[in-house]
Amino acid sequence: MKKTENNYDVIVIGGGPSGMMAAGGAGERGKKVLLLEKNERLGDKLKATGGGRCNITNAEEDKEALLRHYGQAKDFLQSPFSQFGVKDTFAFFENQGLPLVVEARKRAFPATQKAGDVFRVLEKFMRTGKVAIKTGAQVVKLIKDNDQKVTGVILANHEKCFASNFIFATGGLSHPELGATGDGFAWLKSLGHTVKESSPDIVPLAVKEKWVKDLSGVSLSFMKITFFLDGVKKFSKKGKILFTHFGLSGPLILNSAREVKYLIQTGGIVTAQIDTCPDTDIGSLEKQVIKILDQNKNKSLKNVLPEIAPDGLAPALINLLTKKTWPVRLDLAKKVHSLTKEERRVIVDLLKALPLTITGLMGFDRAVVSDGGVDLAEIDTRAMRSRLHPNIYVTGDLLNISRPSGGFSLQLCWTTGYVAGKSV
């Protein structure tokens, strides 16, 4: 016999951003809502986003321009983003007493610069909607009737919870240390949905070269990186690079990772070159280098390189010029006034093309976002409802939607969560 107290209008499985938004939205409409979160606390992943600052959205006001960032999913997202878009996100948080500020690349953050404040707004939203919350509540099985309609869930402690409707908001596979296991993918497959296999998407890159790892912690604001497959140029991007103990990270790298993944999957050799002065042509850069050398004629090349290289990159130049056999061999102990034109050109060429070998993508534990998920053709995105099971709704990272970093992932969560909560 079903216990009356365990009967709900809506059960939301997953207490991440989209789950909390969906639960609060359904509760606001007077629905009896239960939110199930398998972790002992809500919002751990949200609190860790943006280095603890929470890149809450991207302040691109042109809806069509915004949707282009979601690639092939853009046509499916027209309706949900018309119902709850970027302006609605700003209004939602600001009406809850949390103003937003816009930084470089239109990234929007809470004015307090604290992800915890974003969580507290969502917590208040759910509390206002009288959402019942169970943490440490891992769903281990779906309960179905004879027609394969989901009617309830069984928790790890054998407790059974029943509802008329279910919102799946369990997230993808990124950050397994925060509880991501891909349970939602397995359940949706069991319900007959087509689920594209997940892999790290917005993720740092691993490289072969030791000089990169020796620069761990160095961050450069405006670089250009060009990727090659078997020596053939494939694409270039500009932005911020962070050198790490395993390779490369930072916005520029994260937003290149998906395309690099496809190159790696060909089985060819993927290499890259970093242009440290992307807005300076090689002739102008050579003049700048000559000017610095002329000002330090009696110093050794090794001691002048820190003045030539962008901040923090001198060790890389020293390493590369020492260990690499260039067309002209350089002696770092040589006095600057003795450098030949060919030797100066080697330095300039290196500043325009630091060489790298890409060995792979880092794993789910370092991924900001993983790709894969439910085929959007099987979701009525006007309501985020399954076309196969009318009482099932799907949000956030469970959907097969690719996007770059910069606030687009959380906006997807707010949008799909809101639409599901208002439609269920």
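The values are calculated or read from the model by the stated rules, or taken from the named source; none is laboratory data. Keep in mind it's a predicted model, so treat the numbers as computed, not measured. Here Cβ is always computed from backbone atoms with ideal geometry, including for glycine, and neighbour counts include all displayed protein chains.
Would you please name the residue that is surrounded by the most Cβ atoms within 10 Å (Cβ to Cβ), looking only at residues in the stretch 79-116 that are without any contact (Cβ under 8 Å) to a residue 24 or more places away in the chain, not small (G, A, S) and not in a strand (DSSP E or B)? Step through it out loud before you land on a result.
Within the stretch 79-116, the subset without any contact (Cβ under 8 Å) to a residue 24 or more places away in the chain is 82, 91, 94-95, 98-99, 101, 103-104, 111-112.
Subsequent filtering for residues that are not small (G, A, S) retains 94-95, 98-99, 101, 103, 112.
With not in a strand (DSSP E or B) added as a condition, the list becomes 94-95, 98-99, 103, 112.
On the way: E94: 13, N95: 9, L98: 18, P99: 11, E103: 12, T112: 15.
Checked the stretch 79-116; the qualifying residue surrounded by the most Cβ atoms within 10 Å (Cβ to Cβ) is L98.
Please work out which residue is surrounded by the fewest Cβ atoms within 10 Å (Cβ to Cβ), limiting yourself to the stretch 400-414 and to residues that are in a helix (DSSP H, G or I) and among the hydrophobic types (A, V, I, L, M, F, W, C). Write out each step before concluding.
Our first condition is that a residue be in a helix (DSSP H, G or I); within the stretch 400-414, this holds for 408-414.
If we keep only those that are among the hydrophobic types (A, V, I, L, M, F, W, C) as well, we get 408, 410, 412-414.
Numbers: F408: 22, L410: 25, L412: 26, C413: 24, W414: 26.
Only one residue fits best here, namely F408.
Test of understanding: among G50, G136, which residue is assigned by TED's automatic domain parsing to the domain that holds A169, crowded, with 17+ Cβ neighbours inside 10 Å and on the phi > 0 side of the Ramachandran plot? Reasoning before the result, please.
Values: G136 fails: crowded, with 17+ Cβ neighbours inside 10 Å.
One residue alone meets the criteria, G50.
Six or more apart or on different chains, Cβ atoms under 8 Å: show the pairs whose first residue is in the stretch 295-308 and free of Cβ contacts under 8 Å to residues at least 12 places away in the same chain and whose second is among the aromatic types (F, W, Y) and surrounded by 13 or more Cβ atoms within 10 Å (Cβ to Cβ).
Final answer for the pair search is none.
Take the conditions buried (at least 24 other Cβ atoms within 10 Å of the Cβ), outside any strand (DSSP E or B) and more than 14 Å from the chain's Cα centre (by Cα) and apply them to A377. Does it pass?
Numbers: buried (at least 24 other Cβ atoms within 10 Å of the Cβ): no; outside any strand (DSSP E or B): yes; more than 14 Å from the chain's Cα centre (by Cα): yes.
Answer is no for this residue.
Only residues that are without any contact (Cβ under 8 Å) to a residue 40 or more places away in the chain, assigned to a strand (DSSP E or B) and of a type in the set (A, V, I, L, M): list them for the stretch 117-164, please.
Listed by number, the residues that qualify are V140, I143, I154.
Using the structure shown, decide if T244 is surrounded by fewer than 17 Cβ atoms within 10 Å (Cβ to Cβ), out of contact with any strand residue (DSSP E or B) (no Cβ under 6 Å at 6 or more places or on another chain) and either modelled with pLDDT under 95 or under 24 Å from A104 (Cβ atoms) (or both). Show your work before the answer.
Working: surrounded by fewer than 17 Cβ atoms within 10 Å (Cβ to Cβ): no; out of contact with any strand residue (DSSP E or B) (no Cβ under 6 Å at 6 or more places or on another chain): yes; either modelled with pLDDT under 95 or under 24 Å from A104 (Cβ atoms) (or both): yes.
Spelling it out, it is not the case that T244 is surrounded by fewer than 17 Cβ atoms within 10 Å (Cβ to Cβ), out of contact with any strand residue (DSSP E or B) (no Cβ under 6 Å at 6 or more places or on another chain) and either modelled with pLDDT under 95 or under 24 Å from A104 (Cβ atoms) (or both).
Give K3, K45, K74, K38 a once-over and let me know the one that is basic (K, R), over 20 Å from K134 (Cα atoms) and either under 21 Å from the mean Cα position of the chain (by Cα) or at pLDDT below 95 (or both).
On the way: K3 fails: over 20 Å from K134 (Cα atoms); K45 fails: over 20 Å from K134 (Cα atoms); K38 fails: over 20 Å from K134 (Cα atoms).
Going through K3, K45, K74, K38 in turn, just one is basic (K, R), over 20 Å from K134 (Cα atoms) and either under 21 Å from the mean Cα position of the chain (by Cα) or at pLDDT below 95 (or both): K74.
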